[in-house]
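The numbers here are math on the coordinates, done by the rules we state, and not lab data. Quick caveat: nothing in here was measured; it's all calculated off a predicted structure. Cβ placement follows ideal geometry from the backbone for every residue including glycine, while neighbour counts extend to all protein chains displayed.
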Amino acid sequence: MIRFIPVEDTLAIRNAVLREGKLTLDQCRWPGDEKEQSFHLGYFENDKLICIATFHPQSYKDFPGAGYQLRGMATIDGCRGKGIGNKLLNFAIVYLRGQKANYIWCNARKNALKFYISIGFEVISDEFEVPNIGLHRVLYLKIQ
Ligand SMILES: CC(C)(COP(=O)(O)OP(=O)(O)OC[C@H]1O[C@@H](n2cnc3c(N)ncnc32)[C@H](O)[C@@H]1OP(=O)(O)O)[C@@H](O)C(=O)NCCC(=O)NCCS
């Protein structure tokens with residue numbers, strides 16, 4: 001089951017999956033999390049939160065239309081590769097289309113590129129290094 005969740009509920013999974021559990025929960029908050037149109041989604045299995053994603057209203061460079069940046073996409077260890085991330089992201093795409101958003105973009109880790117491309121995202125940047133995290137590329141998905 002997919003639900004809108006408060007940012008607080010994302011912090012432990014952000015830390016465990018995306019920051020190797022090295023940060024405090026407060027350090028896992030990001031600028032933009034509290035913007036009025038930002039939202040956070042959670043996928044629950046038997047009431048346990050197992051996959052999260054955050055969307056901030058944020059355009060990419062001078063791309064036209066209303067853009068949202070996808071951040072903090074993560075499925076907990078042991079639950080990956082079962083189509084859960086795919087379901088969560090497709091829920092967000094349908095929701096954002098209804099909100100009249102035009103595109104989603106993200107800084108994607110190299111190891112997650114195939115996941116995003118299989119959903120329809122296109123690579124729109126060269127590879128770049130995010131300090132302490134690794135190689136990334138910018139991905140873009142037009143949603144209307
Ligand atoms: C990237 C990540 C969020 C994907 O979440 P997930 O729940 O594993 O995603 P899915 O199961 O939908 O897709 C993952 C793979 O499983 C495959 N898969 C298996 N069963 C599937 C099913 N029933 N339906 C759809 N896809 C399925 C998909 O094809 C996909 O393969 P691909 O990556 O080669 O395209 C997850 O792997 C993760 O948290 N990774 C570590 C953190 C990370 O890198 N986050 C991204 C930061 S940019």
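Some notes on this structure:
- Shown for 13, 133, 104, 52: other C-beta atoms within 10 Å of each C-beta, ranked fewest to most, produce the order 133, 13, 104, 52.
- Within the listed set 47, 26, 62, the residue fluctuating most in the Gaussian network model of the chain (springs between alpha-carbon atoms under 10 angstrom) is 62.
- Computed P(r) (all Cα pairs; the chain; 5 Å bins; percent): 2, 10, 19, 24, 24, 16, 5, 1, 0
- Of 106, 51, 79, the one that fluctuates the most in a GNM where the chain has Cα springs shorter than 10 Å: 79
- Computed magnitude of the charge dipole of the chain (debye, nearest 20; Cβ of K, R +1, Cβ of D, E -1): 360
- Rounded FRET efficiency, nearest 0.05, which uses the C-beta distance separating residue 124 from residue 3 and R0 of 30 Å: 0.45
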